[in-house]
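First comes the structure, then the notes that go with it.
Taken together, the values in this text are just the output of simple stated rules run on the coordinates, not laboratory data. Because the structure is a prediction, the values reported are computed rather than measured. Positions of Cβ are generated from backbone atoms using ideal geometry, with glycine treated the same way; all protein chains shown enter the neighbour counts.
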Amino acid sequence: MKKIILLPAILFNVLLIEAQTLNGTYKSGTDSLLFSNEHITFRISGFGGLSSTLVGEGTYEIVDNYIIVHTDEYSGMKSNFKELAGSKNDTCVVKVVAASNYPVQGILIESKNKSGKTITAGVTGNDGKVYLTDNGKITKISASAMGYNSIAFDNNTGSDYLISLADNDVIEEKTAVFRFNEIDEETISIILLTDNFNNNKKREDELKKLEKRARKSNRLDKRYKKEFEPFDDIY
């Protein structure tokens, strides 16, 4: 009798575990969600009025109708820089280009001292350049703009820099939270609630607060369709 009762309980637990995992690739235009066992890689856009694309990867867990993503270091394309020999006395020339190697206008470049205080700042022009006064006190240089992967690096006095910016916002070493619904076997809908969830607070209460804010701001969800591998006829 105990064996008969135990079997349905085991089957129920197996079904519950399977219901709490997603597998495969879901797409919406150029956006994508790739689930593989307990790992996820995502590329999403258009949430909360954001025109930029958010990318990230890491482990995930499903709690009720929330996908909680613990992001790791992103393995895809990120911004990088190259140190060059200085071309001007007492001036650091910073040039910013896109992945296509064309100059990027409108990027905020800041030089900072060892305490993190901004010394000088400028915005790149048509040539993608900013000229920073090099007084020997600059310890770091940063480049940032909405829609691009920000970057900061140590400065060597007397050097110029070429920065290549990736045209997406990278989420790393943070916790992102999505609200999701399973529409049918091939379709899910998601809403990005936050890309910087505070794990130190009571999780259940914080998730409810995030969803309440999303509803209050009339944030719309986005539907993603599952992609299937092409079937090769074996006959």
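General observations
- Compared with the dominant Cα axis of the chain, that is its longest principal axis, helix 2-19 is turned about 30°.
- His70, His39 arranged by Cβ crowding within 10 Å, fewest neighbours leading: His39, His70
- Helical mean residue ellipticity (222 nm; -39500 (n - 2.57) per DSSP H run of 4+; nearest 500) of the chain: -4500 deg cm²/dmol
- Against the rule of thumb 2.2 N^0.38 Å, how large the Cα Rg of the stretch 152-235 comes out: 1.74
- The mean sequence distance of close C-alpha pairs (under 8 Å, at least 6 residues apart), as a share of the length of the chain, puts its relative contact order at 20 percent.
- Shape category assigned to the stretch 54-126 from the gyration tensor of Cα positions, a/c cut at 1.5: prolate
- Over the stretch 51-125, relative contact order from alpha-carbon pairs under 8 Å, at least 6 apart, %: 16 percent
- Choice from Ile163, Ile44, Ile119 showing the highest fluctuation, given a GNM over the chain with Cα pairs closer than 10 Å: Ile119
- Cα centroid of the stretch 83-110 to Cα centroid of the stretch 113-169, whole Å: 8 Å
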